[in-house]
Amino acid sequence: NDIPCWKITLVPKQGRGDIIQEEIWVNKSDYTFPRNHTSYKRNAFIEVNVKYRKEGENILFDEMNAEFNFPRIKVKANATAGYKNYKINLGLSDEFFLTDEDKRRLKEEAGRKKAEEAAKKKSEKENK
């Protein structure tokens, strides 16, 4: 890989789980993650390599390759995915991305504001 990257190595503080470490390569020019390698106990690993492309102002996945190796359970696989036909900025409202909890909170806030405005109007009317 000839892309100038920073390599970040993450090591769990407590060795209770199966992950030994995770290595992430961060592209120095656009901050994408072209490579990620997770090492597990018993020589197992997952490695993901991503090629990106630029469309307008957007940096998008072009191709992803993932290699899996879990010798203990005799699983070894390699998968490649290509990405195309992106549809970007379709005019979706911000509400489309809200969770049910966000919607509930916004509804409560709107109810409180409405009650506060009604109380303010009533107070103004009484003070005239």
- Task: Run down Phe61, Phe96, Phe33 and say which single residue is of a type in the set (A, V, I, L, M, F, W, C), outside any strand (DSSP E or B) and in contact with a Phe, Trp or Tyr (Cβ under 7 Å, 6 or more places away or on another chain).
- Result: Phe33
- Item | Selected residue (criterion: nearest to Asp62 (Cα to Cα)) from residues of the range 79-94 that are at pLDDT 90 or above and open to solvent by 100 Å² or more (accessible area, probe 1.4 Å) | Lys84
- Which one is modelled with the highest pLDDT among residues in the range 44-58 that are exposed (fewer than 14 other Cβ atoms within 10 Å of the Cβ) and not charged (D, E, K, R)? Asn58
- Task: Out of Glu67, Glu101, Glu95, Glu63, report the one residue that is more than 20 Å from the chain's Cα centre (by Cα) and at negative phi.
- Result: Glu67
- Matching residues in the range 3-30 - criterion: being of a type outside the set (Gly, Ala, Ser) and part of a loop (DSSP other than H, G, I, E, B): Ile3, Pro4, Val11, Pro12, Lys13, Gln14, Arg16, Asp18, Lys28, Asp30
- Considering residues that are part of a helix (DSSP H, G or I) and either open to solvent by 100 Å² or more (accessible area, probe 1.4 Å) or in contact with a Pro (Cβ under 6 Å, 6 or more places away or on another chain) (or both), the number found within the range 106-128 is 11
- Query: Residues of the range 59-78 being closer than 25 Å to Pro12 by Cβ and open to solvent by 70 Å² or more (accessible area, probe 1.4 Å), which ones?
  - Reply: Arg72, Ile73, Lys76
- Which members of the range 25-44 meet the condition of being under 17 Å from Asn78 (Cβ atoms) and of a type in the set (A, V, I, L, M)? Ala44
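The values are calculated or read from the model by the stated rules, or taken from the named source; none is laboratory data. Quick caveat: nothing in here was measured; it's all calculated off a predicted structure. Glycine also receives a Cβ, built like all others from the backbone with ideal geometry; neighbour counts cover every protein chain displayed. These area figures cover heavy atoms from the full protein model, side chains too; ligands, DNA and RNA do not enter into them. Shrake-Rupley method; radii C 1.70, N 1.55, O 1.52, S 1.80 Å.
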